[in-house]
Every structure is written in C-alpha cells, then in structure tokens.
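Have a look at the structure below before the remarks.
Throughout, read-outs are computed from the coordinates displayed, never taken from laboratory work. Just so it is clear, the model here is predicted, and its values are computed rather than measured. Ideal geometry is used to build each Cβ from the backbone, glycine not excepted, and the neighbour counts take in all protein chains shown.
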Amino acid sequence: MANKFAPTGLIVMRVCIIYTGGTIGCVGNPLAPMSRDDFQQAFATLISPLIKSKYSDIEITFSHFANVLDSTNIQPSDWCLIASEIVNDYSDYDAFIVLHGTDTMAWTASALSFLLTGLNQHGQVIAALDKSVIVTGSQLPLFIQQTQLTPLSLYENTDALNNITGAVEAIYARIKEVGVYFHQQLLRGNRSLKTNTHAFDAFSSPNYPCLGQDDLAFELNHKDTRHAVNPFEIALSHPENLATAKYQLAQINRCVDENIVINVAAYPVFYSQQSNILSHFLSSAMSIPHVKGIILQSYGAGSFPSGSAKNAKDGLMYQALKAASEQGIVIVNCTQVITGLVNANSYEAGSWLSDVNALDAKDMSPIAALTKLTFLLAVNQGLNYQWLPKFIGALMLTDLAGEITL
C-alpha cells in the first residue's frame with residue numbers, strides 16, 4: 001500500500017470506514033441503525049482510542065456515505081453506491097472497511113469484488129484492487145444506550161469490537177482484494193456465506209480456504225490471496241486505471257436496475273404435464289421488463305426437475321428454460337449444497353440442462369454467480385460492449401476476482 005508520511009516522519013495508515021448500517025450500528029428496542037453522524041461520534045469516542053492504542057500510526061476517517069439501512073433492504077444500486085465511495089476516495093486512503101449488516105454481507109462483498117474490477121470489451125481485466133477492502137459486521141450491536149438520556153457505551157460481550165479490530169489486523173496484512181472478516185477469520189468476499197443465524201462464527205467459506213486467521217496474532221495465508229494474481233500494471237492506484245474503474249462504475253450504476261437476474265430454487269412440488277408452479281413462476285418472471293439472467297439452485301451435483309420424469313423435453317420447466325434461452329437470457333446452474341462442484345451431467349435428471357444452454361457454475365456459489373452475472377450484464381449495457389449471451393456465459397466461467405476454481 002502507498003502510505004503517506006506524516007509531518008513527524010511517521011508512516012500513516014489512512015483507513016476509510018464506510019458505515020452502511022446493520023446490527024453493528026443498531027441501538028434501541030426494537031433495534032434500528034444509528035445515523036452515520038451518531039455512529040461516527042460514538043466510534044470516535046469509544047472505539048478509535050482502543051484501535052490507536054495498538055496502532056499509533058492509524059488515521060481513521062468516516063466516509064460521507066449516508067445511505068444507512070438494514071441490510072435486508074439492500075439492492076444492486078446500493079452495491080454501486082458503496083463501490084463508488086471506494087473508487088472516488090481511492091487515492092486518499094490506504095484501505096477501506098465497510099461496516100455492514102450480516103443478512104446480505106456476503107452479497108455485498110461479492111458484488112464489490114466485481115464492481116471494483118475493470119473489464120475491457122474483450123472481457124479482460126484491465127483494473128484491479130491493490131488495496132484492502134474489508135467488509136465486516138456483527139451479531140450483536142457495538143453500542144448500547146440504556147435510556148434516551150444516558151450516553152452510549154460499549155455493548156458488553158459484543159462480537160462487534162473483535163470484528164472491527166480483526167478487520168484492522170487484516171488491512172495491516174495488506175491483502176489486495178475484498179475480504180469478509182468475521183470471528184477471527186478473513187474470508188474471500190466472493191467465497192463467503194452466512195452459515196449461522198446467531199453464533200459469532202456466522203460466516204464460512206466452504207469452497208475456498210480462509211485467507212487468514214486471528215488466534216494469538218493475525219496470520220495471512222499468502223498462497224491463497226490475490227497477491228500474485230493482480231499484476232502491478234492493472235493496479236487501481238494508477239490514475240488511468242482508476243479513471244477507467246470510475247467511468248465503468250458510473251455506467252453500471254446508470255443501468256444496473258435494468259439488468260435483473262432472478263433466483264430459482266428447486267424443491268419438491270407437485271407438477272404435471274398441465275401444471276408446474278416453478279415453470280409458471282419462471283414464465284411470469286420472464287415477462288417482467290429487464291430480466292436478463294437466471295440463477296438455478298439445483299439439487300446435489302446439479303439436477304433440476306424438468307417437469308417430466310419420463311422425458312425431460314415434455315416438462316414445462318424444460319420448455320420454460322428453453323424459451324428463456326432462446327430469448328437471450330443467460331442461465332447459470334448452481335447447487336443448493338454449499339460445498340462441492342456442479343456437474344449436471346452426473347445424473348440423467350440434470351443432463352437435460354445443457355439442452356437449454358444452462359452453464360454449470362463449478363464451485364461458484366449462487367451468491368457469487370448472481371452478483372457476477374448482474375455485473376457482467378450491466379457492464380455490457382453500460383459500456384455498449386455488445387456481448388452476445390454466449391460470450392457472457394464464457395465470462396461467467398472465467399475467473400475475474402477469485403470467485404471460481406478453474
């Protein structure tokens with residue numbers, strides 16, 4: 001990282017915190033997110049001194065991001081706003097910490113990994129992170145206020161403080177990608193999943209090793225990070241690369257809501273030659289303007305009910321997906337199982353998916369697949385690259401930010 005020198009001659013680690021809301025910033029009964037100003041003031045009073053007692057060279061600044069909300073309500077346009085905060089302030093800071101609600105933390109971290117990656121018209125990466133972006137949050141609030149008349153204090157036994165200090169540890173390790181720090185583990189953002197609703201170890205990375213662990217001291221697993229993958233020539237710190245990323249993001253933000261990707265999960269439901277609730281849902285969704293992608297969450301290794309156990313082509317789901325493909329909609333086949341690879345040809349019950357041009361996601365999670373496809377569709381429209389669905393499909397199976405194992 002390109003740290004600045006303070007007037008005293010000491011190196012300063014300039015960290016920008018982007019507070020978006022979530023449990024970490026909630027107070028009251030029922031819990032609701034604090035405003036940015038109130039959270040920033042409490043953080044400066046109660047948390048910053050604790051961090052600076054260990055890292056005297058750190059300089060913490062809060063961004064002007066004011067779109068504070070419960071992460072349940074986040075939308076793709078919010079991902080773009082967060083990414084815009086990062087690229088617009090990229091030259092001014094050495095690292096970024098995004099404080100976020102846990103419900104959609106994995107989605108935002110995954111989306112940021114793509115939104116902070118610049119692509120040319122050939123689908124090649126021409127701009128990439130060379131600084132740390134760490135997304136974190138908590139299962140319990142950071143602060144508590146006993147009454148409206150009493151000042152805020154640190155919430156006893158909260159996991160929030162450890163997650164914040166762990167995120168700081170991670171940025172001092174100088175990873176050059178988007179990570180999720182939670183309960184002593186640093187995970188790749190686009191590989192992370194929330195796998196526990198209430199325990200402190202709420203996040204895991206089933207298909208990829210964790211990037212670092214914080215036991216007695218933080219240890220980075222260098223071989224699993226993006227250090228060797230992103231060459232210096234495409235670093236966002238280069239003014240021309242940063243300008244490319246800013247322009248791309250502005251164009252994505254303009255049209256991201258016009259590139260809708262829907263999620264369809266298989267489940268045991270009544271179907272016949274005349275009736276299939278899944279195919280009816282899919283056909284109805286395809287009539288909505290701007291639906292351009294479908295993420296299937298199949299069973300096991302990639303099997304999905306076609307709607308006909310005897311002949312897949314007679315099934316209404318087969319026919320609905322076939323029609324979607326013929327309309328140019330990109331279809332990606334993921335699995336509901338959190339660990340392992342997708343290979344629809346493993347069983348006859350999934351082999352028909354190749355007939356409708358559904359792409360096996362390999363070990364990419366449904367979250368990563370949806371955020372990546374949303375990104376690619378918006379890049380294509382926003383920058384007028386005129387990619388065909390087949391080319392977008394090929395990019396879905398290309399490693400852009402560590403989201404898929406090739």
Stretched fully, the stretch from A394 through T150 gains (0.36 nm per residue minus C-alpha distance, one decimal, in nm) 82.1 nm
So for R0 = 22 Å, FRET eff. of N221-K52 from the Cβ-Cβ r, to 0.05, ends up at 0.20
Shape call for segment 327-406, from the Cα gyration tensor axes a ≥ b ≥ c (a/c under 1.5 means rounded, otherwise prolate when a/b beats b/c, else oblate), comes out oblate
Along segment 207-218, Karplus-curve 3J(HN,Hα) (6.51, -1.76, 1.60; θ = phi - 60°) to the nearest Hz, with x for Gly and Pro, reads 9, 7, x, 5, 7, x, 10, 10, 9, 6, 8, 6
About its Cα centre, the chain carries a charge dipole, from +1 on Lys and Arg Cβ atoms and -1 on Asp and Glu Cβ atoms, whose size in debye to the nearest 20 is 600
Summing -39500 (n - 2.57) over every DSSP H run of at least 4 residues in the chain and dividing by its residue count gives a helix-only mean residue ellipticity at 222 nm, to the nearest 500 deg cm²/dmol, of -9000 deg cm²/dmol
By the Cα gyration tensor axes a ≥ b ≥ c (a/c under 1.5 gives rounded; else a/b larger than b/c gives prolate, otherwise oblate), the shape of segment 38-181 is prolate
When the charge dipole of segment 4-252 is computed with +1 on Lys and Arg Cβ and -1 on Asp and Glu Cβ about the Cα centre, the Cα farthest towards its positive end, among L99, I234, G189, belongs to I234
Answer in debye to the nearest 20: the dipole magnitude of segment 215-355 about its Cα centre, from +1 Lys/Arg and -1 Asp/Glu charges placed on Cβ, is 300
Counted neighbours (other Cβ, 10 Å), sorted fewest up, put L316, L321, L154 in the order L154, L316, L321
Taking a ≥ b ≥ c as the square roots of the Cα gyration tensor eigenvalues, with a/c under 1.5 meaning rounded and otherwise prolate when a/b beats b/c or oblate if not, segment 158-275 comes out oblate
Set K176/K223; K292/K362; K246/K372; K176/K372; K52/K131; K194/K246, cut-off 24 Å on Cα-Cα distance; pairs above it are K194/K246
Placing each pseudo-label 7 Å from Cα in the direction of the beta carbon, A66 and N88 end up separated by a distance in nanometres of 1.1
